[in-house]
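A.B. asks: Take a look at the following structure, please.
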Amino acid sequence: MKLAEYFKGKMEMVMSLSAILVAIVAVVVAMYEADINREQARLAVQPSLWMAQNWGVQDENVPYFSLEIRNLGLGPAIVENFTVKYKGRYFKNWDAYLQAVTDGKKIMRGDDANVRDWSMSTIDPGRVIPAGDSVVPIHLRGDREVVDAMRIAFTSSELTICFCSFYGECWQATGLGGRPEPVNRCLYKEEEFFNQ
């Protein structure tokens, strides 16, 4: 009889310890699942901005040039900083940049005009670019020499865009086709920011 009581007490202790172990494993699994769910939610809204130049001939055989910033990510991108640097100088707007890359030969009006038309979009801090959307900061149509000057200058210009997700994770893309790289945060410098 004593042996049966001894095993009965041990069995109750083994059952209690087993229940505690199962509870601990369940808590660990739940924490792991929560981590995976948070990671999936974060990745589901991760932006990815890429810059590309486009050029060719449009209506009436007029050469054109444009810069496109496209969000190829899964979530919206919040632009925090955009800079354009050419020959060591930061530019604040496309007009000044175009004057520099054409050595002052850009003419907008009159009989000698070599730029037929152009359009610009601002990229202010805080601008949201939804997933799948793009922004065309500049599109111009004009003489071949102006379009070629822009196309060639862009290959030696340093264009940088820094952007964040809604989760506060940030990336920076530099140059045409430059892969966005993670950064701790986007630094905004008023004297360098390109604001058209």
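No value in this document is a laboratory result; all are computed from the given coordinates. No experiment lies behind these values; they were computed from the predicted model shown. Cβ placement follows ideal geometry from the backbone for every residue including glycine, while neighbour counts extend to all protein chains displayed.
A.B. asks: What is the fewest-to-most order of Leu17, Leu67, Leu74 by other Cβ atoms lying within 10 Å of their Cβ? Working shown, then result.
C.D. replies: Values: Leu17 10, Leu67 23, Leu74 14.
In increasing order of surrounding Cβ atoms, one gets Leu17, Leu74, Leu67.
A.B. asks: Then there is this: Using Cβ counts within 10 Å as a stand-in for footprinting exposure, how do Glu68, Glu12 rank, fewest first?
C.D. replies: Working: Glu68 16, Glu12 10.
Result, fewest neighbours first: Glu12, Glu68.
A.B. asks: List every DSSP H helix in the chain whose Cα atoms extend 15 Å or more along the helix's own long axis and whose mean Kyte-Doolittle hydropathy is at least -0.5. Intermediate results must be reported in sequence, preceding the final value.
C.D. replies: On the way: long enough: 2-43 (62 Å, 0.65); 144-156 (18 Å, 0.28).
Helices meeting the criterion: 2-43, 144-156.
A.B. asks: Compute the whole-percent fraction of alpha carbon pairs in the chain spaced more than 31 Å apart. Display every interim value, and only then the final one.
C.D. replies: On the way: 7708 of 19110 pairs.
The calculated P(r) of the chain puts 40 percent of pairs beyond 31 Å.
A.B. asks: Express in nm, to one decimal, how much length is gained between Ile36 and Asn195 on full extension, taking 0.36 nm for each residue of separation and deducting their alpha carbon distance. Walk me through the numbers on the way to the answer.
C.D. replies: Numbers: separation 159, 0.36 × 159 = 57.24 nm, distance 3.95 nm.
Result for the pair: 53.3 nm of gain on full extension.
A.B. asks: Please give the net charge around Gly177, taking every other residue with its beta carbon less than 12 angstrom from that of Gly177, where Lys and Arg add +1 and Asp and Glu add -1.
C.D. replies: Details: positive: Arg70, Arg179; negative: Glu68.
Every neighbour counted, the sum reads +1.
A.B. asks: Still on this structure, I have one more. Can you give the FRET efficiency for Ser121 and Phe166, using 1/(1 + (r/R0)^6), R0 = 22 Å, r = Cβ-Cβ distance, to the nearest 0.05?
C.D. replies: Working: r = 22 Å, r/R0 = 1.00.
That pair, Ser121 with Phe166, gives E of 0.50.
A.B. asks: About its Cα centre, how strong a charge dipole does the stretch 139-196 have in debye, to the nearest 20, once Lys and Arg get +1 and Asp and Glu get -1 at the Cβ? Kindly include the intermediate steps, with their values, before the conclusion.
C.D. replies: Values: 6 positive and 9 negative charges, 41 e Å.
My answer is approximately 200 debye.
A.B. asks: Could you list Arg70, Arg144 in order of exposure, starting from the residue whose Cβ has the fewest other Cβ atoms within 10 Å?
C.D. replies: Values: Arg70 17, Arg144 11.
The most exposed by this proxy come first: Arg144, Arg70.
A.B. asks: Do the sum for the chain: with -39,500 (n - 2.57) for every DSSP H run of n ≥ 4, divided by all residues, what is the mean residue ellipticity at 222 nm, to the nearest 500 deg cm²/dmol?
C.D. replies: Numbers: 3 runs with 63 residues, N = 196.
The helix contribution divided over the chain gives -11000 deg cm²/dmol.
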